[in-house]
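These notes concern the structure reproduced below.
The values are calculated or read from the model by the stated rules, or taken from the named source; none is laboratory data. Source: prediction; values computed, not measured. Positions of Cβ are backbone-derived with ideal geometry, glycine not excepted, and every protein chain shown enters the neighbour counts.
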Amino acid sequence: MDPTELAYAGAEEQARLIAAGEVSAREVVQATLDRIDRLDGQLNAYRVVFADQALAAADRADARRAAGDASPLLGVPVSVKDDTDVSGEVTAMGTVATGAARAERDAESVRRLRAAGAIVVGKTHVPELMMWPFTESLSFGATRNPWSLAHTAGGSSGGAGAAVAAGLCGVALGHDGAGSIRIPAAFCGVFGLKPQRGRVPIKPGPSGGWHGLNHAGPIARAVADAALFLDAVADDAPAGGFAAAAAREPGRLRIAVSTRVPPGVAARLGAEQREAVETTAELLRALGHDVVADEIDYPRSAALNVLARHLRGIRDEAAAVPFPERLERRSRGMARRGGLVGAGAVRRAHAGEPALTARVQAVLAAADAVLLPGPTGPPFRVGALAGRGPDRTLNAAAAKVPFYGLFNATGQPACSVPAGFDRDGLPLAVQLAGRPSDEATLLSLAAQIERARPWTDRRPPL
């Protein structure tokens, strides 16, 4: 099989080909490593690549398959976001401030991926302490978008988004603290799912997962790839598993459409981004769904609830690094602002979560899912925010991605779905939010959209 086609096949098809004996795990991993070697100098998706270890693991996977092993991700190359421990490797978190200490063991999510047969090929870049929706740092440089090297791949799982879009892994492990899976997926034209809070184990940290905001999940070329990933790592899967949910028709659903910007954020939805929501709504109607305009009733405190936990989480992460003096000036400024968020403010944010969640999820009393915008405009150009202070950067980030962080505060599942391309050839995306613990409906609905409006055949011009 052509190595490029193999690299772009995605996790589900790669697993099928290996299980059927049509290709070997070594062929799949070698094709992936060759692409990384050839293209990552342009993209800067990976901080570290485990080439020798991955090929050795591929040989073991081929031996396991020959012995009858049917693990669901056997031989599939995966990437791991560089905020997550991989045994024997530094967890850099986008900064040299973390030093050279190496993790003693795999994070639980990585352990589960390996147990399912996946092969970790490397760790992907993040912005310093995972705080921005663009992946640029003084420590490790800028991660670029495969669709336009002049633009960011997003953040904070920016390296993961770029790697998936360019065929540099079969599926990626990301984390989402305020959109950090969904934003790179949107900017890079792939699928990203933030599962229900707690569905996938996250690395314990000083901030307790940014005080409840952080979620772990997949960035994938196809919906089926993300579902297979969840079956390998998630707790409390639905009957039949996530892959089965993605494979079945969703039936007739009622879908609310909400485009109102949450209060407290100075943002304006671009015309092409609004059109992406409208054309997706039209598609859903054509597929037989009941699609109605029904705005989410955001409380005025919504943005402050997210911001308090976000800033305090950054402060806690900054306080835990062994060499804080090595942090960028802007990062130190963000940490100082987080230091102004006291323990009482965090407690109040948690105490206000049930009321916030009830208000936001009220729209789902009469709907099965909510269709929302993705980013308000195209990806940032690389370097556009370089040298800006924390306040100007935070305001620019909030204006670009105001529709994401709220669902981290409520904890409900939400996903980014590709929605074509803008006039400059950059990906467009919409977002779907679901009822609590109902990833199954989102996967089924997103897969139906994928069948009707395929995106995996569109490849960046690398």
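Please verify whether Lys203 is closer than 20 Å to Gly177 by Cβ, touching a Cys at 6+ places or on another chain (Cβ under 8 Å) and not hydroxyl-bearing (Ser, Thr, Tyr), treating the condition exactly as stated. For Lys203, the condition - closer than 20 Å to Gly177 by Cβ, touching a Cys at 6+ places or on another chain (Cβ under 8 Å) and not hydroxyl-bearing (Ser, Thr, Tyr) - is not met. Check off (1) surrounded by fewer than 22 Cβ atoms within 10 Å (Cβ to Cβ); (2) modelled with pLDDT under 95; (3) more than 17 Å from the chain's Cα centre (by Cα); (4) within 25 Å of Gly94 (Cα to Cα) for Lys203 and give me the number that stays unchecked. Lys203 satisfies every listed condition except (3).
Please tell me if Asp316 is among the charged types (D, E, K, R), farther than 30 Å from Val291 by Cα and touching a Ser or Thr at 6+ places or on another chain (Cβ under 6 Å). Yes, satisfied. Looking at Gly333, Gly270, just one residue is modelled with pLDDT of 95 or more, surrounded by 14 or more Cβ atoms within 10 Å (Cβ to Cβ) and over 16 Å from Val430 (Cα atoms), and that residue is Gly333. Among the conditions (1) surrounded by fewer than 23 Cβ atoms within 10 Å (Cβ to Cβ); (2) touching a helix residue (DSSP H, G or I) at 6+ places or on another chain (Cβ under 6 Å); (3) within 21 Å of Val164 (Cβ to Cβ), Val76 misses just one, which is (1). Only one of the numbered conditions (1) surrounded by fewer than 16 Cβ atoms within 10 Å (Cβ to Cβ); (2) touching a helix residue (DSSP H, G or I) at 6+ places or on another chain (Cβ under 8 Å); (3) on the phi > 0 side of the Ramachandran plot is not met by Gly420, and that is (1). Looking at segment 308-330, can you tell me whether even one residue there is farther than 24 Å from Pro402 by Cβ, among the basic types (Lys, Arg) and in contact with a Pro (Cβ under 8 Å, 6 or more places away or on another chain)? Checked segment 308-330: no residue is farther than 24 Å from Pro402 by Cβ, among the basic types (Lys, Arg) and in contact with a Pro (Cβ under 8 Å, 6 or more places away or on another chain). You will find that of Gly189, Gly141, the residue that is crowded, with 24+ Cβ neighbours inside 10 Å and either at pLDDT 95 or above or β-branched (Val, Ile, Thr) (or both) is Gly189 and no other.
Applying the condition of being crowded, with 16+ Cβ neighbours inside 10 Å and among the polar types (S, T, N, Q) to segment 15-52 and asking which residue is farthest from Ala165 (Cα to Cα) yields Ser24. Scanning segment 105-116 for residues that are free of Cβ contacts under 8 Å to residues at least 60 places away in the same chain, in a loop (DSSP other than H, G, I, E, B) and either closer than 27 Å to Glu328 by Cα or not acidic (Asp, Glu) (or both) yields one hit, Arg105. Return a yes/no flag: does segment 89-104 have any residue that is free of Cβ contacts under 8 Å to residues at least 40 places away in the same chain, in contact with a strand residue (DSSP E or B) (Cβ under 9 Å, 6 or more places away or on another chain), not aliphatic (A, V, I, L, M) and not in a loop (DSSP other than H, G, I, E, B). Among the residues of segment 89-104, at least one is free of Cβ contacts under 8 Å to residues at least 40 places away in the same chain, in contact with a strand residue (DSSP E or B) (Cβ under 9 Å, 6 or more places away or on another chain), not aliphatic (A, V, I, L, M) and not in a loop (DSSP other than H, G, I, E, B), which makes the answer yes. Considering segment 233-261, the residues that are part of a helix (DSSP H, G or I) and in contact with a helix residue (DSSP H, G or I) (Cβ under 6 Å, 6 or more places away or on another chain) include one that is surrounded by the fewest Cβ atoms within 10 Å (Cβ to Cβ), namely Ala243. If we scan segment 125-134, do we find a residue that is farther than 19 Å from Asn214 by Cα, buried (at least 24 other Cβ atoms within 10 Å of the Cβ), at pLDDT 95 or above and not polar (S, T, N, Q)? Scanning segment 125-134 turns up no residue that is farther than 19 Å from Asn214 by Cα, buried (at least 24 other Cβ atoms within 10 Å of the Cβ), at pLDDT 95 or above and not polar (S, T, N, Q). Count of segment 33-48 residues, restricted to those that are farther than 20 Å from Asn145 by Cβ and β-branched (Val, Ile, Thr), is 1. Which is surrounded by fewer than 24 Cβ atoms within 10 Å (Cβ to Cβ) and either at pLDDT 95 or above or of a type outside the set (Asp, Glu) (or both), of Leu149, Leu168? Unique residue meeting the criteria: Leu149. Screening Ala224 against (1) assigned to a helix (DSSP H, G or I); (2) in contact with a Ser or Thr (Cβ under 9 Å, 6 or more places away or on another chain); (3) under 24 Å from Glu108 (Cα atoms) leaves a single unmet condition, (2).
For segment 1-26, a tally of residues being of a type in the set (Gly, Ala, Ser) and either in contact with a strand residue (DSSP E or B) (Cβ under 8 Å, 6 or more places away or on another chain) or outside any loop (DSSP other than H, G, I, E, B) (or both) returns 6.
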